[in-house]
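The values are calculated or read from the model by the stated rules, or taken from the named source; none is laboratory data. Note that the structure is predicted; figures quoted are calculated from it, not measured. FYI the Cβ positions are ideal-geometry reconstructions off the backbone, even for glycines, and counts take in every protein chain you see. The accessibility values were calculated without ligands, DNA or RNA, using every heavy atom of the protein model including side chains. Shrake-Rupley method; radii C 1.70, N 1.55, O 1.52, S 1.80 Å.
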Amino acid sequence: MPDQLSRRSALKITAGTVAGLAFGCASTHKSANEIKGFEISLAQWSLHRELYAGEIDNLDFPTITRTRYQLGACEFVNSFFKDKANDYAYLSDLKGRADAEGVECLLIMCDGIGNLGDPDDAARTRAVEGHVPWLEAANRLGCHSIRVNAASSGSFGEQQKLAADGLRRLTELGAERELNVLVENHGGLSSNGAWLAGVMQMVDHPRCGTLPDFGNFCMDWSRQDDPDAWYDRYKGVEELMPYAKAVSAKSHEFNVEGDEVRTDYFRMLRIVTNAGYHGYVGIEWEGGDISEHEGVLATKRLLERVRNKMIA
């Protein structure tokens, strides 16, 4: 998502153009090779064990992104500074550290703030209102989006309508701040690509989009060993890409050739770029057989290898 274009003018552009900006198509300062490929960022969840253990601090994340991994963009998770959404001095410090390293703050992944598709209207309203401080925090960090969840209950269609209602309300608040509201496939019906694409159509707002995750297509984690609990990840990403404003390259395990064993990255990233997306693809390591550091590096190497083949 090109930073050269002012987000302050995004709402004045047509919905189709806004979608194009999200894909990076209007980045006039990129080379032909960069436009053909994609850029790489680091999702904070990749280091969640180190963060929860207190081995590293949230304030250090931009510096780690640059110095450890030589990357210029990062994605935060609100869990690691959940009491700081209204702490403007803290956010200013965090933004200053990112700026000092030349690291762009892309988005904040928001969890634990209530269900935007709650069947109870009052609870749904509280969930919408609970996300507002994180919109403000994202604005102060210079992010383009917050990532939310579309949890609900009821039938397939009922959940679509409820989730669309909560998302539309939150998106309108985000639009006032020139921010996007993105939904990730994150369990339940949100991991059904057709369901979530339908929600996007119901919301029908250029500021509401998706954040397709390569690995989160289990619709019932209590049955994660049952193939029937999984939605086809390639089909799901293809269905979500028309609305995508960010992408998460989930990784769990690598073989000796350096390929991710659960996801064919070459196939998946062809789906991503064939949809016209050439923005940031976020490294999100979640495996356990190697360290977080090694997992991030392995994912980065694979993304670079795929990108190099694309632009060759």
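Okay, here's what the table says:
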{"item": "Largest-first ordering by accessible area, 1.4 Å probe, given options LEU59, LEU303", "result": "LEU59, LEU303"}
{"item": "Directionally averaged projected area (convex hull, Cα atoms, the chain), nm²", "result": "15.3"}
{"item": "In Å, descending, principal axis extents of the Cα set of the range 64-153", "result": "46, 25, 19"}
{"item": "Linear extension gain, GLU172 paired with THR63, 0.36 nm per residue minus alpha-carbon span", "result": "35.9 nm"}
{"item": "Net +/- balance of residues flanking TRP285 in space, Cβ distance below 14 Å, scoring K and R +1, D and E -1", "result": "-4"}
{"item": "Partner aspartates and glutamates for LYS95 [C-alpha distance under 19 Å; skip if fewer than 8 residues away on the same chain]", "result": "ASP3, ASP57, ASP60, GLU75, ASP83, ASP87, GLU104, GLU136, GLU178"}
{"item": "Normalised contact order of the range 99-175, rounded percent, pairs of Cα under 8 Å and 6 or more residues apart", "result": "39"}
{"item": "Gyration tensor (Cα) of the range 127-206, equivalent ellipsoid semi-axes in angstrom", "result": "23, 11, 11"}
{"item": "Of GLN201, GLN70, GLN44, the one that fluctuates the most in a GNM where the chain has Cα springs shorter than 10 Å", "result": "GLN70"}
{"item": "Of all accessible heavy-atom area on the range 218-277, the percent that carbon and sulfur account for (1.4 Å)", "result": "44"}
{"item": "Segment ASP111-ARG262, length gained on full extension (0.36 nm per residue, minus Cα span)", "result": "51.8 nm"}
{"item": "For the chain, share of DSSP beta bridges that run antiparallel, in % to the nearest 5", "result": "5"}
{"item": "Residues with amide H under 5 Å from that of ALA244, placed H, sequence gap 5 or more", "result": "THR210"}
{"item": "Of PHE38, PHE76, PHE266, the one that fluctuates the most in a GNM where the chain has Cα springs shorter than 10 Å", "result": "PHE266"}
{"item": "Mean Cα-pair separation over length for the chain, i.e. relative contact order, pairs under 8 Å, 6 or more apart, %", "result": "20"}
